[in-house]
Each structure stands twice: as structure tokens, then as C-alpha cells.
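The block underneath contains the structure these notes are about, expressed in C-alpha cells.
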Amino acid sequence: MHNFVLLCAFKIERLFAMWKKRFLFSMAVALTGVFAMNAEVEWLEKSYNFGTFKEADGPVTGVVRLVNKGPEATFISRVRPSCGCTGATYTDKMIQPGDTATVSFTYNPIGRPGKFDKSVKVYIGKDNDLTVVRILGTVIGSESTLESVFPVEAGPLRVETAMLAAGEIKRGTPRHLFLNAYNQSGDTIVPKWKGSSPAMTVDLRPLAIPPGDIATFSFYLETEKEALNGPVEYPVEIVADGNNPEAGQLRVDVSAIIVPDTRKMSVEEIDNGPRAYLIPEFVDFGEVEKGKLLDFRFVILNDGKSTMTVDRVYSRNELVSITHVPKKIKAGKKGIVKGKLNPSGLADGAFRINVEVMTNDALHPVRTARLVGSCN
């Protein structure tokens, strides 16, 4: 009980001391504000460069200074870093004429490899005059962080992923995708690349990546330059360093699903267009064995008022091959799709494989037939 009373008394004493310090500082600010309407300070530094350092070294701290050049005392009212990765402290007492004050800041590099450029906002005096202090540097990532953030490696170059999916895009609409890359070597590298389609443009900024720095690949897909509807894939071969082709290389696959854009069609155009239906929607093989190829077929019915164009019939499953596709189907007529299924790659048990049919039906540009059964 005696110890508890002593502990309470100690805490009360500390709280009173903190309150007294803040009260006296606030009174000094209030009294000084009568005279010091505008702060007159000279910054000895307005930026701080940490240079290049290792993530494993942990948080790093820098300091900038300012001198009160005015005739009256002033003060730093508050400091605001631009992000949670940076903490800051500052001189918390009145700055007399001719005195120097400091603002110190600590940057946490954990999980943040590459170059950084942050800001710390410093407010001074009664009028909160703002000065922005810039802090920058480059973090050499630890192995564990690089494996997590940039898991795909090709010699000196590491990237976030080797597969970029743009998802569904309406024809005529462009799409931009981005991929960050990291130079884990001690030398500047200049990556080179080669695409496979005029529909895909690739760029890199900066073109040369300094040691420990990050650059960004941009992939620009112009869908109007792509002849196919449906799923498309654009492999991009990247050489890690064009000055040293043997350093390493990797392949990035950019994929998308291009669908017709019917947003500009009138109600009358849609009403007078084709209508696609698949018969049957489920092609049931029943019990199948893995020894031989299986033939299948289904019908595309055009139940609309104008001729249907079949753009594409495909399956994303490599066990399916399409052998026959009707190109045009008149209103009220049918066309037959034929294909083969190779069951040798199927897992035991029930299976369900989609076959997509793309037409100029404005309401249902994509119809799906499903191959189902059970494999022994």
C-alpha cells in the first residue's frame, strides 16, 4: 500500500511538471505574439540528403537548423512530416534573437527499398509561417524485403511480378499498367526490352537505374490496334542490362480481355441486331477415360434480326482445341462449333471447362458453353 501511494505521488508530480512547462511556454508564446507578428528566421539548411544506406542499418536521423534574425523571440509552433515513415522533433522553447533552433527527423527504411524524397512542414511564429524541408536518400534493400517486394529476379534486376492482368477492356479504350523494378547491383544498369505486338507500347523511367534505386516500366495497350476480341496476351522480353546482355533476362506477360464496345449504339440498332444463344450450354461427356481425344460440338443460334459475326471461339484450358467455327450466321439460322478435348491432362473426378463464344450481339457479346463430365 505504501509503495502504491508513493507511485501515485510520483505520477502526479510528473504530470504537474509537464503541465507547468506547457503553461509557461504558452504564456511566453502569448506574450511574445504581441510583438513578433511575423517570424524573421534564416534557414541554414532547407534539405537533408541521407545518401545511400542499408535497410538493415535501421532508422536514420538528420537535422536542419534555423537562426532567429528578428528583433523579438519566436518559436516553432508545430512540425508535420509528409508520411508515417518519418518522425520529427524540434526545439520546443522560445528562440531568442540570434539563437539557433533545430528540427530533427528520423526516416524508417524498413520495407522501403529504393530512393525516397519526403517533406517535413515546419510552422514558425504566431502566424504559422510555413517552410518545407526536403529529405531524401536511397535505401539498399535487405534480402528478405527484396524477396517480398520484388520476388522476380533476373541478375541485377528485380521486379514485382512477371504477370500483369489488365482485366476486361472495351475495344477502343486504352489501358495503362505499371511495374516497378529495382536495381540490386552496385552499378547503374540500363534495361532493354522487346515486345511482340504493335498494340503494346513499353517505356521505362528512368531509363538508367542507379544502384539501389527503383524505376517503373509502363505498359500501354491500344485496343484498337488489336485484331482479336477476347483474351489476348503480350509477352515482353526484358534484358536486365543492355550494356551487359549476359547479366540476365526475364519475360513479363501482359494479359487483357477485349470486348466490343456497344455504349454508342442506339436502342434501335441494338433491337435490330443479332442475338446469340448456345445449344446446348452444357456438353456432357459423362464418364470419360484418359486414353483418347473426345470430339464435341454445339450450336450457335442467331435469334436476332440481322446477320451475326462470330469473332472468336476459344477456351483458356489448353486441353481444348477448336476445330471449326462458323464465321457468319444469318438471322434465324444456326452455325456449328466443333472441337476436341484431350482428357489425358484432366485430374480424376468431375471436371468443368468453359468455351467462350464472342459475337457481335450487343446485349450478349460473350456466351459460354461448358464441357462437363467425370474422369476416371
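The values are calculated or read from the model by the stated rules, or taken from the named source; none is laboratory data. Here the structure is a predicted model, which is why all the values come from computation and not from measurement. Backbone-built Cβ (ideal geometry, glycine too); neighbour counts: all protein chains shown. Surface accessibility is based on the protein's heavy atoms, side chains included, excluding ligands, DNA and RNA. Shrake-Rupley method; radii C 1.70, N 1.55, O 1.52, S 1.80 Å.
With respect to being more than 16 Å from SER119 (Cβ to Cβ), in contact with a helix residue (DSSP H, G or I) (Cβ under 7 Å, 6 or more places away or on another chain) and among the aromatic types (Phe, Trp, Tyr), PHE53 falls outside the description.
Within the option set LEU363, LEU319, being at pLDDT below 95, within 22 Å of ILE257 (Cα to Cα) and touching a helix residue (DSSP H, G or I) at 6+ places or on another chain (Cβ under 8 Å) holds for one residue only, LEU363. Does region 281-291 contain at least one residue that is closer than 30 Å to GLU268 by Cα and open to solvent by 80 Å² or more (accessible area, probe 1.4 Å)? Yes, region 281-291 contains at least one residue that is closer than 30 Å to GLU268 by Cα and open to solvent by 80 Å² or more (accessible area, probe 1.4 Å). For region 256-269, filtering for residues that are under 10 Å from ALA362 (Cα atoms), open to solvent by 40 Å² or more (accessible area, probe 1.4 Å) and either part of a loop (DSSP other than H, G, I, E, B) or among the β-branched types (Val, Ile, Thr) (or both) leaves 3.
Against the conditions (1) under 16 Å from the mean Cα position of the chain (by Cα); (2) of a type in the set (Gly, Ala, Ser); (3) in a loop (DSSP other than H, G, I, E, B), ALA181 satisfies every one except (3). Of everything in region 77-119, what is within 20 Å of the chain's Cα centre (by Cα) and of a type in the set (Lys, Arg)? Give them in sequence order. Answer for region 77-119, where residues must be within 20 Å of the chain's Cα centre (by Cα) and of a type in the set (Lys, Arg): ARG112, LYS115, LYS118.
Quick check on this structure: which one of PRO211, PRO231 is surrounded by 15 or more Cβ atoms within 10 Å (Cβ to Cβ), at pLDDT below 95, over 21 Å from the mean Cα position of the chain (by Cα) and under 19 Å from VAL152 (Cα atoms)? Walk me through how you get there before you give the answer.
Details: PRO231 fails: under 19 Å from VAL152 (Cα atoms).
After ruling out the rest, the residue left standing is PRO211.
Within region 183-212, the set of residues being of a type outside the set (Val, Ile, Thr) and in contact with a Gly (Cβ under 6 Å, 6 or more places away or on another chain) comprises LYS192, PRO211.
One residue stands out in region 241-255 among those that are part of a loop (DSSP other than H, G, I, E, B) and not polar (S, T, N, Q): the one that is surrounded by the most Cβ atoms within 10 Å (Cβ to Cβ), namely ASP241.
Given the options GLU226, GLU237, name the one that is over 19 Å from the mean Cα position of the chain (by Cα) and surrounded by 15 or more Cβ atoms within 10 Å (Cβ to Cβ). Give the steps one after another, and end with the answer.
Numbers: GLU237 fails: surrounded by 15 or more Cβ atoms within 10 Å (Cβ to Cβ).
That would be GLU226, the only listed residue that is over 19 Å from the mean Cα position of the chain (by Cα) and surrounded by 15 or more Cβ atoms within 10 Å (Cβ to Cβ).
Can you say whether THR216 is farther than 30 Å from ILE76 by Cβ, open to solvent by 30 Å² or more (accessible area, probe 1.4 Å) and out of contact with any helix residue (DSSP H, G or I) (no Cβ under 8 Å at 6 or more places or on another chain), as far as the supplied structure shows? It is true that THR216 is farther than 30 Å from ILE76 by Cβ, open to solvent by 30 Å² or more (accessible area, probe 1.4 Å) and out of contact with any helix residue (DSSP H, G or I) (no Cβ under 8 Å at 6 or more places or on another chain).
Residues that are in contact (Cβ under 8 Å) with a residue 40 or more places away in the chain: which strands (runs of 3 or more DSSP E) entirely in region 280-366 hold 3 or more of them? Working first, answer last.
Numbers: elements: 282-288, 294-302, 308-314, 320-324, 334-341, 349-359.
The qualifying strands (runs of 3 or more DSSP E) are 282-288, 294-302, 308-314, 334-341, 349-359.
I'm trying to understand the selection: among the residues of region 74-93, which are surrounded by 16 or more Cβ atoms within 10 Å (Cβ to Cβ) and either assigned to a strand (DSSP E or B) or modelled with pLDDT under 95 (or both)? Of everything in region 74-93, those that are surrounded by 16 or more Cβ atoms within 10 Å (Cβ to Cβ) and either assigned to a strand (DSSP E or B) or modelled with pLDDT under 95 (or both) turn out to be THR74, ILE76, SER77, VAL79, PRO81, CYS85, THR86, ALA88, TYR90. Could you tell me whether region 157-175 includes any residue that is polar (S, T, N, Q) and out of contact with any Ser or Thr (no Cβ under 8 Å at 6 or more places or on another chain)? Checked against the condition, which is being polar (S, T, N, Q) and out of contact with any Ser or Thr (no Cβ under 8 Å at 6 or more places or on another chain), region 157-175 yields at least one hit.
For (1) closer than 18 Å to TYR314 by Cβ; (2) of a type in the set (Ser, Thr, Tyr); (3) crowded, with 19+ Cβ neighbours inside 10 Å, each residue gets a yes or a no:
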| position | (1), (2), (3) |
| --- | --- |
| GLY332 | no, no, no |
| LYS338 | yes, no, no |
| ARG352 | yes, no, no |
| MET358 | yes, no, yes |
| ASP361 | yes, no, yes |
| VAL366 | yes, no, no |
